[in-house]
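Take a look at the structure set out below.
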Amino acid sequence: MTKKISISVSDELLDYVDCESDNRSAFINQCIDEMRQHRKQEALKAAYLAQEQDPQFWSEFELWDSTIGDGIS
């Protein structure tokens, strides 16, 4: 689903958009989507780094890891 909106951009940015693409909407949508994906990746990276420093996580991980050798398939 798409919605039509009205935005204001500087002449300089509009010139840039026009140089990059024949379809302004598609270009702006692509830029926004890339920014959204980048922010998701950064949030995931931060979560992994926080998890790496979380002793409670690793304590529980070690408990679950010990079940590997319990003989149950």
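Just so it is clear, none of the values below were taken in a lab; they were calculated from the coordinates. Fair warning: this is a prediction, and the values are worked out from it, not measured in the lab. Glycine gets a Cβ as well: all are built from the backbone with ideal geometry, and neighbour counts include every protein chain shown.
Roughly how tilted is helix 55-65, in degrees to the nearest 10 and between 0 and 90, from the longest Cα axis of the chain?
60
Once the dipole of the stretch 18-73 is set up with Lys and Arg at +1 and Asp and Glu at -1 on Cβ about the Cα centre, which of Phe61, Leu49, Cys19 lies farthest towards its positive end?
The residue sitting most towards the positive pole is Cys19.
Which trypsin sites (Lys or Arg not before Pro) in the stretch 1-65 pass both tests, a DSSP loop state and at most 10 other beta-carbon atoms within 10 Å?
When the trypsin sites (Lys or Arg not before Pro) of the stretch 1-65 are filtered for loop state and at most 10 Cβ neighbours within 10 Å, Lys3, Lys4 remain.
Quick one: putting +1 on the C-beta of Lys and Arg, -1 on the C-beta of Asp and Glu, what dipole do you get for the chain around its Cα centre, in Debye to the nearest 20?
Once rounded to the nearest 20, the dipole reads 420 debye.
Once you compute Rg and the Kirkwood Rh from C-alpha atoms, what is the Rg to Rh ratio for the stretch 21-65?
1.40
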